[in-house]
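Read the structure below first, then the notes.
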Amino acid sequence: MKHILNLYENINSTARNNSDCPAVILPEEIFFTVSIVGVLENLMVLLAVAKNKSLQSPMYFFICSLAISDMLGSLYKILENVLIMFRNMGYLEPRGSFESTADDVVDSLFILSLLGSICSLSVIAADRYITIFHALQYHRIVTRHRALIVLTVLWAGCTGSGITIVTFSHHVPTVIAFTALFPLMLAFILCLYVHMFLLARSHARRTSSPPRANMRGAVTLTVLLGVFIFCWAPFVLHVLLMTFCPADPYCACYMSLFQVNGVLIMCNAIIDPFIYAFRSPELRVAFKKMVICNWYQ
């Protein structure tokens, strides 16, 4: 695996000797099980939207984009486990050209998952902002055609960026640019949040009742964003520590939790669909119909 994704294994011996923190090793079965559940849950989200015309709106298209990002994050770990299994069985030459290429592809899926999540959350934030700030013109501004164009450009950009990051992952500027996406996304969404809630408070003062329907989507975004930060921030911090203080015993102590941070990332893919279902009655009904239909078939 490349520098930016296999950070824990690259901690040098000096850091390990100076740190009293033993590495936390989790069974691969945990990663594999959590990844499978994450793929299945997000696949249900995609199928629910695809099968129900009432859900085929720009808002749910953006949710599907986030579900695809989560699914890629889970799929990355499944494919990695498969490659490791084939290598242990002798079907792959260790450090051979095929394994190196396969590693690059798998690493690209992981980076694509993070970039896709960041961009999808930003697009959802922009969609919620337009819903609240330009409620009367929303359906004219945010059409299904425009939403699909935005998502096409978004994923094309994420794919190109992911390949570039994996190719130049051993360069410090690449790591800095990679980790800078986190605060930039937070700054963008925070600016939209401040304007959204100031507008909502102003609306509530004028009408004595807040725009509950529009603000519901903003609350859902808040929960999604909080879960995303909680699950991904430890890994991003790991990247920074591995790059700038790999020999420091305190940094090495934190980096001993690398596999725990990996499980957190996998859990993000499991938690998000529950948030969709809990916050969206339409999607919850679609899930129930899918389960009931499959049960009686």
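The values are calculated or read from the model by the stated rules, or taken from the named source; none is laboratory data. In this text the structure is predicted, and so the values were computed from the model without any measurement. Here Cβ is always computed from backbone atoms with ideal geometry, including for glycine, and neighbour counts include all displayed protein chains. The protein model used for the area step is the full one, side chains on, heavy atoms only, and it has no ligands, DNA or RNA in it. Shrake-Rupley method; radii C 1.70, N 1.55, O 1.52, S 1.80 Å.
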Report, by residue number, each residue of the stretch 46-64 that is surrounded by fewer than 24 Cβ atoms within 10 Å (Cβ to Cβ), small (G, A, S) and in contact with a helix residue (DSSP H, G or I) (Cβ under 8 Å, 6 or more places away or on another chain). S54, S57
Kindly check whether there is at least one residue in the stretch 237-259 that is modelled with pLDDT of 80 or more and within 13 Å of the chain's Cα centre (by Cα). no
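Quick one: is A67 within 26 Å of P183 (Cβ to Cβ), surrounded by 23 or more Cβ atoms within 10 Å (Cβ to Cβ) and either modelled with pLDDT of 85 or more or of a type in the set (D, E) (or both)? I'd like the intermediate steps shown before the answer.
Numbers: within 26 Å of P183 (Cβ to Cβ): yes; surrounded by 23 or more Cβ atoms within 10 Å (Cβ to Cβ): yes; either modelled with pLDDT of 85 or more or of a type in the set (D, E) (or both): yes.
Yes, satisfied.
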Regarding the stretch 31-53, can at least one residue be identified that is more than 28 Å from L186 (Cα to Cα), at pLDDT below 85 and over 18 Å from the mean Cα position of the chain (by Cα)? no
What about S97, is it within 26 Å of D70 (Cα to Cα) and either of a type in the set (S, T, Y) or open to solvent by less than 20 Å² (accessible area, probe 1.4 Å) (or both)? no
Of R201, R144, which residue is at pLDDT below 80 and among the charged types (D, E, K, R)? R201
Residue selected from the stretch 263-297 under the condition under 27 Å from E80 (Cβ atoms) and open to solvent by less than 20 Å² (accessible area, probe 1.4 Å), by the criterion modelled with the lowest pLDDT: Y276
Just wondering, is there one or more residues in the stretch 123-137 that are surrounded by fewer than 13 Cβ atoms within 10 Å (Cβ to Cβ) and charged (D, E, K, R)? no
For the stretch 138-157, which positions are open to solvent by less than 30 Å² (accessible area, probe 1.4 Å) and either touching a residue at least 60 places away in the same chain (Cβ under 8 Å) or among the basic types (K, R) (or both)? V142, A147, L151, L154
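Residue under question is D107, and the condition is that it be modelled with pLDDT of 85 or more, open to solvent by less than 20 Å² (accessible area, probe 1.4 Å) and either β-branched (V, I, T) or assigned to a helix (DSSP H, G or I) (or both); does it hold? Working first, answer last.
Working: modelled with pLDDT of 85 or more: no; open to solvent by less than 20 Å² (accessible area, probe 1.4 Å): yes; either β-branched (V, I, T) or assigned to a helix (DSSP H, G or I) (or both): yes.
No, not satisfied.
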